[in-house]
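Structure record follows, encoded as structure tokens.
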Amino acid sequence: MREVTRLCLVAAAVAAGLATAPVAAHADGYDTPRSATAVGAGSTYAAGFAAAQQRARAAVLAAGHDCDAGTYATTQTYVSPGGGTWVFQSTHNAMCVD
């Protein structure tokens, strides 16, 4: 019991230290967060997935001049009967130069 309590206190102290650590500004100028959501479709799973991500990335780049690789959150929204059309919605989050 004593060891568990001690371990919990150490873990809580470490977590508190991580939570209060300041976020460093991007030295390379990528300091403006941008995001965009787009829908894309294709005749295969991979084509629809890629189309949605490409459209979301293009929308972010249209608003920001230069952006890092960022992250994607992509979900399947529709598949036609027989799998002839795959539709996805993708949100792209990136840090950009303003």
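Data for the structure
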read-out	value
Computed over the stretch 35-98, Cα set: Rg, Dmax in Å	12.5, 45
At most 10 other Cβ within 10 Å, DSSP loop - chymotrypsin sites (Phe, Trp or Tyr not before Pro), the stretch 24-97	none
Table column - 3J(HN,Hα) (Hz), the stretch 87-98, Karplus curve with 6.51, -1.76, 1.60, x for Gly and Pro	10, 10, 10, 10, 10, 10, 10, 8, 9, 10, 7, 6
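Quick note: the coordinates plus some simple rules give every number you see, no bench work behind them. Since this is a predicted model, take the numbers as computed values, not measurements. Because the Cβ atoms are built from the backbone with ideal geometry, glycine has one as well, and the counts that use them run over all protein chains shown.
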